[in-house]
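The values are calculated or read from the model by the stated rules, or taken from the named source; none is laboratory data. Since this is a predicted model, take the numbers as computed values, not measurements. Using ideal geometry, Cβ is built from the backbone for each residue, glycine included, and neighbour counts are taken over all protein chains shown. Ligands, DNA and RNA are stripped out before the accessible areas are found, and what is left, the full protein with its side chains, is counted by its heavy atoms. Shrake-Rupley method; radii C 1.70, N 1.55, O 1.52, S 1.80 Å.
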Amino acid sequence: MTSVKHLEYRADIDWLRAVAVISVIGFHYELPGFSGGFVGVDIFFVISGYVISRLIWSGIQSDSFSFIAFYERRARRLLPALYLMIAVTGIAAWFLAPPDDYRMFFASAVSTLLFSSNVFFWLQTGYFDLPTLGKVLIHTWSLSVEEQFYLLFPLATWLWSRLFRDPTSRLSLVLIITGTVALCVLDELLIKHSASAAFYMAPLRAWEFLVGSIAFFMHRWSPTRVETRLFLASAGLLLMLLAV
């Protein structure tokens with residue numbers, strides 16, 4: 001598992017995370033110029049797809065990948081902060097929330113601990129509805145989507161590696177890109193009929209994680225000239241800022 005622990009640090013990934021965080025914060029505070037800042041969540045999902053693909057394939061290709069080590073690493077990274085956040089907000093809700101809001105909070109806390117709060121809020125309310133004290137955990141829907149991704153993606157990746165030892169082969173990439181486009185089209189079609197499901201449901205968000213995987217697989221074809229890389233990075237940043 002040494003290959004997992006010594007992956008090269010990517011500062012550009014942290015810069016992308018910063019763009020995503022600032023976008024979401026600016027949107028929720030209704031700052032001028034951030035009306036589309038909710039796309040920061042989409043950026044996060046793409047980052048997760050890239051990072052997790054990189055982590056898993058580095059282990060698979062060095063014959064050191066372990067499902068137990070992977071899940072243990074995710075748990076240590078996410079659960080302590082999650083438990084602390086739920087405990088603190090639970091104490092505050094006990095004193096501040098009206099009974100109906102507290103019942104909503106308690107149910108959402110349970111669903112969050114079960115990594116299914118995206119399903120809970122999909123059934124209960126829309127993300128852009130007026131906020132209540134009972135919905136203080138609504139932001140955990142994206143964590144639930146990520147955890148569901150973390151649960152299934154390692155197995156799917158391992159099975160894919162049985163078919164394609166080299167995931168960057170032409171056939172492998174064609175199949176992955178085709179599946180990603182199909183899921184994206186399905187997501188867009190469902191937005192017109194069930195926008196809430198398209199927003200909350202992990203299967204309909206899967207294409208964003210797969211975009212991150214494709215970015216990882218295409219790394220071997222990345223341009224080497226500094227000027228070209230700078231131009232492409234600037235263009236990508238501009239496109240994200242335009243969406244925000």
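At a glance:
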{"item": "Where the Cα pairs of segment 1-106 fall when distances are cut into 10 Å bins, in %", "result": "12, 26, 32, 21, 8, 0"}
{"item": "Euclidean distance between Cα centres, segment 76-117 to segment 25-46, Å", "result": "24"}
{"item": "Spacing of the two label points (7 Å from each Cα toward its C-beta) at residue 15 and residue 71, in nm", "result": "3.7"}
{"item": "Computed lengthening from residue 188 to residue 221, 0.36 nm per intervening residue step minus Cα-Cα distance", "result": "9.0 nm"}
{"item": "The chain: angle of helix 170-193 to the longest principal axis, Cα-based, in degrees nearest 10", "result": "20"}
{"item": "Using alpha-carbon coordinates, inclination of helix 141-163 to the longest axis of the chain, degrees", "result": "30"}
{"item": "Cut-off 15 Å between beta-carbons: net charge of the residues surrounding residue 115, Lys and Arg +1, Asp and Glu -1", "result": "+1"}
{"item": "Net length gained if the chain between residue 28 and residue 110 were fully extended (0.36 nm per residue, minus Cα distance)", "result": "27.1 nm"}
{"item": "FRET efficiency, 1/(1 + (r/R0)^6) with R0 35 Å, evaluated for residue 88 and residue 159 via beta carbons", "result": "0.30"}
{"item": "Length-normalised contact order for the chain - Cα pairs under 8 Å, 6+ apart - percent", "result": "25"}
{"item": "(1) 22.7, 76; (2) 18.2, 62; (3) 19.3, 61, with the label sought being that of the calculated Rg and Dmax of the Cα atoms in Å", "result": "(3)"}
{"item": "Fully extended contour minus Cα-Cα distance, from residue 177 to residue 241, at 0.36 nm per residue", "result": "20.6 nm"}
{"item": "Portion, in percent, of the accessible area of segment 117-232 that falls on carbon or sulfur, probe 1.4 Å", "result": "72"}
{"item": "Tilt relative to the chain, helix 67-96 - C-alpha long axis, 0 to 90 degrees, to 10", "result": "20"}
{"item": "Accessible surface, per residue, of the chain when the full set of protein chains is kept, probe 1.4 Å, Å²", "result": "59"}
{"item": "Loop sites in segment 1-89: chymotrypsin sites (Phe, Trp or Tyr not before Pro), DSSP, at most 13 other Cβ within 10 Å", "result": "9, 29"}
{"item": "Longest exposed-site-free window of the chain, the sites being trypsin sites (Lys or Arg not before Pro) in a DSSP loop that have at most 11 other C-beta atoms within 10 Å", "result": "1-164"}
{"item": "Relative pair counts by distance (%), Cα atoms of segment 42-151, 10 Å bins", "result": "13, 39, 29, 14, 5, 0"}
{"item": "Unit charges on C-beta of K, R, D, E only; dipole of the chain, Debye", "result": "660"}
{"item": "Cα centroid separation, segment 187-211 to segment 151-183 (Å)", "result": "20"}
{"item": "Ratio of the Cα radius of gyration of segment 12-71 to 2.2 N^0.38 Å, where N counts its residues", "result": "1.50"}
